[in-house]
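The values are calculated or read from the model by the stated rules, or taken from the named source; none is laboratory data. Keep in mind that this is a model prediction, so the values were computed, not measured. Backbone-built Cβ (ideal geometry, glycine too); neighbour counts: all protein chains shown. Note: areas computed on protein heavy atoms with side chains; ligands, DNA, RNA excluded. Shrake-Rupley method; radii C 1.70, N 1.55, O 1.52, S 1.80 Å.
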Amino acid sequence: MSRATSRRSRPSWPRRSSCPSCTTCGRWVTDAPVLPPLDAAATDVDALADAFVRTGILPIAMCGQAPDADVSSPDADVRRAGVELLRAGVRFAERLGADQLNGVPYGLFGRPSEPVAPALLAESARAVGAVADEAAERGVQMTFEVLNRYEEAAINTAAQAMDYVAASGSAHLGVHLDSFHMAIEEADSVKAVRTAMPRLRYLELGQSGRGPLEHGAVDVPALVREALDAGYRGRWGVEAFSRPLAGGAADVLSIWRAPYADGLALARDAVGVIRRGWAESIPGRRSHRLARATG
């Protein structure tokens with residue numbers, strides 16, 4: 001499960017959750033956990049929503065598509081079913097009390113075998129845009145994640161994401177970038193962030209090896225600094241996977257190794273890395289000077 005920070009410009013960790021391990025972590029816990037894809041029919045939605053209210057946690061829900069419900073399918077009936085699946089996801093998010101719906105709404109997740117035909121991608125964009133507008137009326141921000149070529153063929157770069165947003169015709173559809181995927185697809189991750197900035201609603205930090213942010217090919221503090229300097233004030237997420245902890249998602253996401261064993265240690269590492277980026281940013285330096293002047 002990834003975690004998202006609040007919408008303020010500075011990453012913050014103000015609330016504790018009801019999870020015992022999270023309460024142990026205390027101030028390192030964020031206030032907007034991203035939920036895994038949940039089956040609404042198998043979930044006690046009211047109990048889960050009540051737990052979020054009682055603990056002061058604002059969840060982020062997840063949506064996707066299925067082989068028989070896919071807005072990018074050449075079959076019109078399957079596309080219509082895909083739209084209804086997305087609408088069900090919006091209703092589910094609303095019932096949970098979520099104000100944001102992340103995921104892959106534009107097509108099937110999984111290793112692709114061929115590119116998506118432009119005409120079908122356009123159909124997908126129009127359908128997702130319409131649902132994003134409906135979601136906004138319910139107070140839910142709909143976003144879509146940009147994935148690498150091994151997980152999705154439709155949208156792999158920030159530039160493609162912005163083209164998709166334009167094709168959607170929606171004023172509300174948002175973009176979700178992830179530094180793990182950007183490290184594979186983008187020539188310049190900072191430029192990608194700037195490209196998506198007008199619609200960037202979620203910026204996820206993931207290291208090249210899927211482990212702690214401190215170790216890997218991605219310069220996370222620099223990305224945090226540059227994103228803040230470019231004006232990003234949306235939510236942040238941290239994503240990492242370790243095979244013993246990933247459960248059924250390990251095989252789906254090709255998590256074959258165990259880059260960490262302690263989730264709390266990973267969270268503390270992430271906080272330190274993000275704080276370094278914040279401290280080096282223009283807003284961070286300004287805040288530090290203000291604190292010194294008023295302290």
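Please grab the % of Cα pairs in segment 114-209 that end up more than 16 Å from each other.
53 percent
Mind listing the long-range amide H neighbours of GLN141? Cut-off is under 5 Å, sequence gap 5 or more, other chains count too, H placed in the peptide plane at 1.01 Å from N.
HN-HN under 5 Å from GLN141: GLN100, LEU101.
Between ARG292 and ARG233, what length in nm is gained on full extension when 0.36 nm per residue of separation is reduced by their alpha carbon distance?
Length gained between ARG292 and ARG233: 18.9 nm.
Report the relative contact order of the chain, percent, no decimals, based on alpha-carbon pairs under 8 angstrom and at least 6 residues apart. Each step should come with its number before you reach the end.
Working: 589 pairs, mean separation 46.3, N = 295.
Normalised by residue count, the contact order of the chain is 16 percent.
So for segment 203-276, considering every pair of alpha-carbon atoms, how many percent are separated by more than 17 Å?
Roughly 44 percent, rounded to a whole number.
Can you send over the carbon and sulfur percentage of the accessible area for the chain, probe radius 1.4 Å, protein chains only? Let's see the in-between values first.
Values: 7220 of 13590 Å².
Roughly 53 percent of what the probe reaches on the chain is carbon or sulfur.
Over the Cα atoms, compute the radius of gyration (one decimal) and Dmax (the largest Cα-Cα distance, rounded to a whole number) for segment 165-295, in Å.
That works out to 16.4, 53 Å for Rg and Dmax.
Which one, ALA158, VAL146, ALA196, projects farthest toward the positive side of the charge dipole computed for segment 146-203 from Cβ point charges (K/R +1, D/E -1)?
Towards the positive end, the residue furthest out is ALA196.
Tell me the angle of helix 118-137 to the major Cα principal axis of the chain, expressed in degrees between 0 and 90 and rounded to the nearest ten.
60 degrees
Which FRET efficiency value, to the nearest 0.05, is calculated for ARG149 and ASP75 with the Förster distance at 22 angstrom and r the Cβ-Cβ distance?
Plugging the Cβ-Cβ distance into 1/(1 + (r/R0)^6) gives 0.35.
Keeping every protein chain present and rolling a 1.4 Å probe, give me the accessible area per residue for the chain in Å².
With the other protein chains kept in place, the chain gives 46 Å² per residue.
Averaged over all directions, how much area does the convex hull of the C-alpha atoms of segment 47-103 cover when projected, in nm²?
The number I arrive at for segment 47-103 is 3.9 nm².
Can you give me the Cα centroid spacing of segment 143-184 and segment 49-89 in angstrom?
What the calculation gives is 17 Å, centre to centre.
About the Cα centre, and with charges only on the beta carbon of Lys, Arg (+1) and Asp, Glu (-1), how big is the dipole of the chain? Nearest 20 debye, please.
On the way: 34 positive and 35 negative charges, 344 e Å.
Once rounded to the nearest 20, the dipole reads 1660 debye.
Given charges of +1 on the Cβ of Lys and Arg and -1 on the Cβ of Asp and Glu, with all other atoms neutral, how large is the dipole of segment 116-192 about its Cα centre, in debye to the nearest 20?
Magnitude of the dipole: close to 100 debye.
Compute the distribution of all C-alpha to C-alpha distances in segment 235-288, in bins of 5 Å from 0, and list the percent of pairs in each, rounded to whole numbers.
Once binned at 5 Å, the Cα pair distances of segment 235-288 give 4, 18, 20, 17, 15, 11, 7, 6, 3.
Given the convex hull of the Cα atoms of segment 182-240, what is a quarter of its surface area in nm²? List each step's numbers first, then the result.
On the way: hull surface 14.8 nm².
Here the figure is 3.7 nm², rounded to one decimal.
Which Cα, out of LEU228, ALA267, ALA246, lies furthest along the positive dipole direction of segment 185-295 (beta carbon charges, K/R +1, D/E -1)?
Of the candidates, LEU228 comes out farthest on the positive side.
Output the relative contact order of segment 31-86, whole-number percent, from Cα pairs under 8 angstrom with separation of 6+ residues.
33 percent
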